[in-house]
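Structure record follows, encoded as structure tokens.
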Amino acid sequence: MSEPLLQLDRLDVGYGDFQALFGIDLHVAEAETVSIIGANGAGKSTLLKAIVGLVRPMRGDIRYAGASVAGTAAHKRVAQGIALVPEGRRIFPSLTVEENIVIGGDVGRPGPWTKHRVLEAFPLLTRLLKRSGEGLSGGERQTLAIARALMSNPRLLLLDEVSLGLAPIVVRQVYEAVPVIKAQGTTVLIVEQDVNQALAVADRFYCLLEGRIALSGVPGEIPKEQITQAYFGMPASGGRP
Ligand code: ATP
């Protein structure tokens, strides 16, 4: 088997003296959609930050496209095709939707994603093209943030907490784009607190608990109760997720 697109080997990550991730072994194959679930503070965002190069690992390795990138600067990883849509739906509010999309293409690489294709994937944005970013709803902003990232033609797209602060129906609408993105061959790694949504779109998942992988597998093959246990680190007793 060829090497996965992304491979983390025994990764330890921390902030100063505080260690947030412990011995993370994780891989994502090309064109796969993988979700990382876990409660508040489990280390999900830290994992994404390590992959894009915003925090440096203490130990272990991050391999991307066949080579170690553990010591590679963040901007070089972007140029190599790693794109992060951070928490908070960041767009340029003073620019129009169209300008936001076009600007996304100024960084990154050539590839299948053009303005035309992005609008095909997110038809909602077509009628908003001339609107300013400021006037958009939360769901529209989130959609635009993902569209903008796709314009950089990432080989690996990282989505951080897409659902945060959005109504369930809007979350579902935003997630409808994931299979479309996957169909273009783009690999997607999703970090989510909304477990049901994260599992619904994923080929595989990892569950983080206090900085460690507590469970991994294929959604549907693992009983819900076992996932709940891994998520909370205690015997299942009903309630979330
Ligand atoms: P959330 O869903 O709340 O964002 P998370 O699973 O993404 O949680 P992280 O944000 O990765 O978790 O945080 C993991 C741990 O690292 C937490 O204990 C958090 O307090 C700590 N942490 C995160 N960022 C920093 C930082 N810049 N400096 C120090 N500690 C941090």
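The values are calculated or read from the model by the stated rules, or taken from the named source; none is laboratory data. Quick caveat, the model's predicted, so the values are computed rather than measured. Reconstructed Cβ throughout: ideal geometry from the backbone, glycine too, with neighbour counts over all protein chains shown. Side chains included, ligands, DNA and RNA excluded: accessible areas come from the protein's heavy atoms. Shrake-Rupley method; radii C 1.70, N 1.55, O 1.52, S 1.80 Å.
Summary table
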{"quantity": "Amide H within-cut-off set for Gly38, under 5 Å, with H built and near neighbours excluded", "calculated": "Glu192, Leu208"}
{"quantity": "Relative contact order computed over region 6-232 (Cα-Cα under 8 Å; 6+ residues apart), in percent", "calculated": "28 percent"}
{"quantity": "Computed accessible area, Lys49, all protein chains, 1.4 angstrom probe, square angstrom", "calculated": "70 Å²"}
{"quantity": "By accessible area with a 1.4 Å probe, ligands and nucleic acids excluded, highest first: order of His75, His27", "calculated": "His75, His27"}
{"quantity": "Probe 1.4 Å - accessible area at Arg59, Å² to nearest ten", "calculated": "130 Å²"}
{"quantity": "Ratio of the Cα radius of gyration of region 91-178 to 2.2 N^0.38 Å, where N counts its residues", "calculated": "1.01"}
{"quantity": "Ellipticity estimate at 222 nm from DSSP helix runs (n ≥ 4, -39,500 (n - 2.57)) divided over the chain, nearest 500", "calculated": "-8500 deg cm²/dmol"}
{"quantity": "Rounded to 5, the percent of DSSP beta bridges in the chain classed as antiparallel", "calculated": "50 percent"}
{"quantity": "Under Karplus coefficients 6.51, -1.76 and 1.60, residue-wise ³J(HN,Hα) of region 69-84 in Hz, glycine/proline x", "calculated": "10, 4, x, 8, 5, 4, 5, 6, 5, 4, 5, 7, x, 9, 10, 10"}
{"quantity": "Estimated inter-spin distance, Phe18 and Ile169, nm [label 7 Å along Cα→Cβ]", "calculated": "3.9 nm"}
{"quantity": "Dimensionless Rg/Rh of region 1-132 - Kirkwood Rh, Rg from C-alpha atoms", "calculated": "1.02"}
{"quantity": "Tensor-based shape of region 139-241 (alpha-carbon gyration tensor, a/c under 1.5 rounded, otherwise prolate or oblate)", "calculated": "prolate"}
{"quantity": "Reachable lysines, given that their alpha-carbon falls under 24 Å from the alpha-carbon of Lys44 and they are not under 8 places away in the same chain", "calculated": "Lys76, Lys182, Lys224"}
{"quantity": "Per-residue SASA entry for Met58, accessible area with 1.4 Å probe, Å² rounded to 10", "calculated": "80 Å²"}
{"quantity": "Spherically averaged projected area of the chain from its Cα convex hull (nm²)", "calculated": "13.1 nm²"}
